[in-house]
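Notes to accompany the following structure.
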Amino acid sequence: MYIKSFLFLIFSVSLYANAWWEGKVVYQVYLRSFQDSNNDGIGDIPGLISRLDYLQSLGVDALWLSPIHKSPDYDFGYDVKGYFSIHPALGTHQDFQQLTLQANKRGIKIMMDLVINHTSDQHPWFLASKSSKSNPKRNWYIWSDGKGNQPPNNWRSRLDESSWVYDESSNQYYQHSFFKEQPDLNLRNPEVQKEIEKIMHFWLERGVSGFRLDLANYYMKDAGLRDNPATNSWSKWFQSSVYAYMGQEHLYDKNHPDLANFYRKLRTIADNHNALLLGEVDVDDGEQAIYAARSVSNQTKGTGLHLSLHRDFISNKFSAEGLENIITEHEALMPRDIPMVVTFNNHDHQRFSTTHTAAETRLAALFTLTSKGFPVLYYGEEIGLKDAYVPQALGKDPLPRIMWKPAYFAQIGRDGCRTPMHWDNTAYAGFSKVEPWITFDKEGAVSVEEQEQDAKSLLNFYKKLISLRKQHVALAKGKQTLYKTGIKNLLIFKREYKDQTIWVAMNFSPANWISLNTQITPENILASTHPQTTNLTELGPMQAVITTKIPSPTL
Ligand code: GLC
Ligand code: CA
């Protein structure tokens, strides 16, 4: 018994020690908008291959690709029609093979988006399931009789419709957590689980090094389909007047305890291939201790997801106090030594540089790449790409049409953050030679081409920060200690690994200077948001520094 647990411990420790992602940086590529190779206005895999040299020069270690499978594109790939296929607009299996080959040559891994909470309603599985109550695939989705002429229970989709769609031909309802065009799979069904395992093996064998798991905390629903209870949080109750979804405690439609068993199966497959499971955990404030420390609570036993993708940095205020709170909360909730994912941008939210100043954007970059965490960058953030204004009539994302709640969500459409990368200043920004699939803003950012020439550009700042992480193991995976100085707007933390110690001091005040009570010489500065050629004795407004010398700040 003891021997068994000892061996297990050795095994799990060594597995984690060999994990390729430790201390690494992931870069999310929204493929349709990265680089078009055949001038149809849609970014594609060959286009991405042609930009691998750029990504290597940036220094990122892995790419997470938005979904690449065949899809009716109602939700732009998040509605999958064939898990073993590649969307013809994005490329072919040969292209994908080239991609992994060429990326690996440059030391870059490829990760895929795995969307298994639901499929497209055009997926052959769903068409079969829907065809009759006696179809062998009926049970692959969640079907139920109604209650009288009402849906089976009170569950709501994330878009605030009933979670249930009535199907006249069988007089039953199917369940969906997102768009109604995305019916939820019945992941309790062993046949469906087998299929998911097959899908994972298929792509792992084709060189994929990990998966970003879409809506990973939605996979299991209550087997008895019980009603969710009303919320007991005042703040959620208040929000529910414009967004009824908030009026419930989501006990039975997400964050279910039975997820643990399913995660264990996925984890075994992933670990056998040294692949990363980066699970999207979609929770609102207070939801079951932020879903049992964001679903990786089993990590120490080696059975949960490796890392969880949350939106704390996106939805909370960007300030010294705000960041400190997130770090403290994370430390309290998560098992020790599990890095927190640090990400300020993705394909679902307004870009950070749209809603913040250029100085804040530099601070966020510095924080992302120096704090103890697992950085996930989103294409374009390294050049400060801003959201384009996409008028409703030209919008591609159906979300605002379904969930138009002006009072609550000022900016709900997700098109603005999905527009083409700005490579150069040609008519279509070097993305394509024709009008891109989605409207874009020519002034959205200073192009890669221009920023490469400018030593002080944001792009060169990102490159510097990423290379610092590579050179200093303390930044990549060292221990982190937060310093409570009592000074408002100041965040200071120390990173240490063996005898290497690095300090990061960040002044978030737009007006105040903060004295460091020490002379930091330029040789002791690894990087600063403001280029520094003389001794640094105080931090200017919105200035941050990474240094090997201990600061002891006062106002
Ligand atoms: C996730 C994705 C989002 C998608 C949704 C449904 O939240 O990030 O883009 O629309 O799941 O798959
Ligand atoms: Ca194309």
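Where a number appears in this text, it was derived from the coordinates with a stated rule and is not lab data. Just so it is clear, the structure is predicted and the values come from calculations on it, not from any experiment. Glycine gets a Cβ as well: all are built from the backbone with ideal geometry, and neighbour counts include every protein chain shown.
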For the chain, with +1 on Lys and Arg beta carbons and -1 on Asp and Glu, the positive-most of Asn149, Gly373, Gln239 along the dipole: Gly373
Cα shape, the stretch 126-232, gyration tensor, a/c 1.5 rule: oblate
Reachable aspartates and glutamates from Lys180, criterion Cα separation under 13 angstrom, eight or more residues apart if same chain: Asp75, Asp79, Asp121, Asp160, Glu161, Asp167
Cβ-placed point charges (K, R +1; D, E -1), dipole of the chain about Cα centre in debye, nearest 20: 1280
For the stretch 297-380, convex hull of alpha carbons as volume per residue, Å³: 96
On Cα atoms only, tilt of 93-105 relative to the major axis of the chain in degrees: 20
Centroid-to-centroid separation of the stretch 21-90 and the stretch 338-405 [C-alpha atoms, Å]: 17
Magnitude of the charge dipole, the stretch 464-555, Cβ model with Lys/Arg +1 and Asp/Glu -1, debye to 20: 400
For the stretch 401-555, alpha-carbon Rg and Dmax in angstrom: 20.4, 57
As computed over the stretch 29-125, the Cα convex hull volume per residue (Å³): 92
Over the stretch 409-535, relative contact order from alpha-carbon pairs under 8 Å, at least 6 apart, %: 13
Where trypsin sites (Lys or Arg not before Pro) fall in DSSP loop in the stretch 305-352, at most 14 other Cβ within 10 Å: Lys317, Arg336
Charge dipole of the stretch 324-397 about the Cα centre (unit charges at C-beta), most positive-ward option of Thr361, Leu333, Ala393: Ala393
Cα gyration tensor category, rounded, prolate or oblate, for the stretch 65-203 with a/c compared to 1.5: prolate
Entries of Lys464/Lys498; Lys265/Lys386; Lys133/Lys198; Lys70/Lys265; Lys81/Lys254; Lys265/Lys470 with Cα pairs more than 30 Å apart: Lys265/Lys386; Lys265/Lys470
Contact order relative to length of the stretch 339-440, as percent, for alpha carbon pairs under 8 angstrom and 6 or more apart: 29
The chain - percent relative contact order, Cα under 8 Å, separation 6 or more: 12
Rg ratio (alpha-carbon, reference 2.2 N^0.38 Å) - the chain: 0.98
Shape of the stretch 187-267, Cα gyration tensor, a/c cut at 1.5: prolate
Nearest-20 debye value, the stretch 299-368 charge dipole, Cβ charges on Lys, Arg, Asp, Glu: 200
Extreme residue, positive dipole direction of the chain, given options Val25, Gln182, Gln94 (C-beta unit charges): Val25
